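Have a look at the structure below before the remarks.
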Amino acid sequence: TDIGSQKDRVVSEEEWLQKWEMGNTGFHKEQGHPLLQKYLDVLLNGRSGLRIFFPLCGKAVEMKWLADMGHSVVGVEISEQALKDFFAEHSLPYCEEPVPEIPGAKKLQSTSGNISLYCCSIYDLSSSIVGKFDGVWDRGALVAVNPCDRQRYVSLMITLMEKNSSYLLVTVSYDPNKHKGPPFYVPESEIKSLFG
Ligand code: SAH
């Protein structure tokens, strides 16, 4: 398929913040994603007490699911509103602190300590700041990244993964000439070359 129509498209951080302000958040799944339930065993692989990363997390309810199962959840999201909504909608108390390594960034952490959400761009993170993860839930993340930033995004994700970590990736399949995205169409061949 010809993805030429999407490859130069750029959605700015400002546009994402506006979506949150205007309530244009049709991507949010109130009931959580059925594919996480379906493939939970693949993500966990019999392990408990994992560190799970949610790139471009929004207010994904799956973060609460995994925290409730005893895992430790870390997310990153540029919209502070999304993160505050997440804690409010689950009635979770949290505290806010600056992130010394990232000017202007904040970390919102549940008082219980098992959910830490960074309010900054994912490109500001590194393993020296957030550590490495045993699992990644990538839904609405790779497909939301600007096509020109995909390799940078994937290279960063690889540096955030422990040796035996598992990565669940949700993509969408459609004719990229009919919709401008996001979500963008990322062909399977490109996923293979991105992750190697
Ligand atoms: N994964 C979530 C949200 C998907 S929408 C879900 O499944 O519901 C993509 C999200 O990425 C938006 O909330 C947007 O604000 C955020 N975002 C876009 N660019 C980002 C960046 N560079 N760093 C962190 N978050 C970003």
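The values are calculated or read from the model by the stated rules, or taken from the named source; none is laboratory data. Small disclaimer: the values here were computed from a predicted structure and weren't measured. Positions of Cβ are backbone-derived with ideal geometry, glycine not excepted, and every protein chain shown enters the neighbour counts. Heads up: the accessible areas ignore ligands, DNA and RNA and are worked out on the full protein's heavy atoms, side chains in. Shrake-Rupley method; radii C 1.70, N 1.55, O 1.52, S 1.80 Å.
Tabulated data for the structure shown
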quantity: Order by protection proxy (mean Cβ within 10 Å, highest first), peptides 65-77, 81-93; calculated: 65-77, 81-93
quantity: Where trypsin sites (Lys or Arg not before Pro) fall in DSSP loop in region 120-174, at most 13 other Cβ within 10 Å; calculated: LYS132
quantity: Sum of side-chain charges, PRO147 neighbourhood, beta-carbon under 12 Å (Lys, Arg +1; Asp, Glu -1); calculated: +2
quantity: DSSP beta bridge pairing in the chain, given as percent antiparallel to the nearest 5; calculated: 35
quantity: Derived scalar couplings ³J(HN,Hα) [region 171-181; Karplus, 6.51 cos²θ - 1.76 cosθ + 1.60; whole Hz; x for Gly, Pro]; calculated: 10, 10, 10, 6, 7, x, 7, 9, 9, 8, x
quantity: Amide hydrogen neighbours beyond the local backbone of VAL136, cut-off 5 Å, H modeled; calculated: PHE53, SER166, TYR167, LEU168
quantity: R0 of 22 Å, Cβ-Cβ distance ARG47-LYS132: FRET efficiency to nearest 0.05; calculated: 0.95
quantity: Net charge contributed by nearby residues that have their C-beta within less than 10 Å of SER121 (K/R +1, D/E -1); calculated: -3
quantity: Ratio Rg/Rh, restricted to the chain and using Cα atoms, in which Rh is the Kirkwood radius; calculated: 0.94
quantity: Charge context of LYS59, other residues only, Cβ under 12 angstrom, K/R +1, D/E -1; calculated: -3
quantity: Carbon/sulfur fraction of accessible area - the chain, other protein chains in place, 1.4 Å, %; calculated: 50
quantity: Sequence-distant residues sharing a close amide H with CYS120 (under 5 Å, placed H); calculated: GLU77, ILE78
quantity: Heavy-atom accessible area per residue - region 90-188, 1.4 Å, Å²; calculated: 48
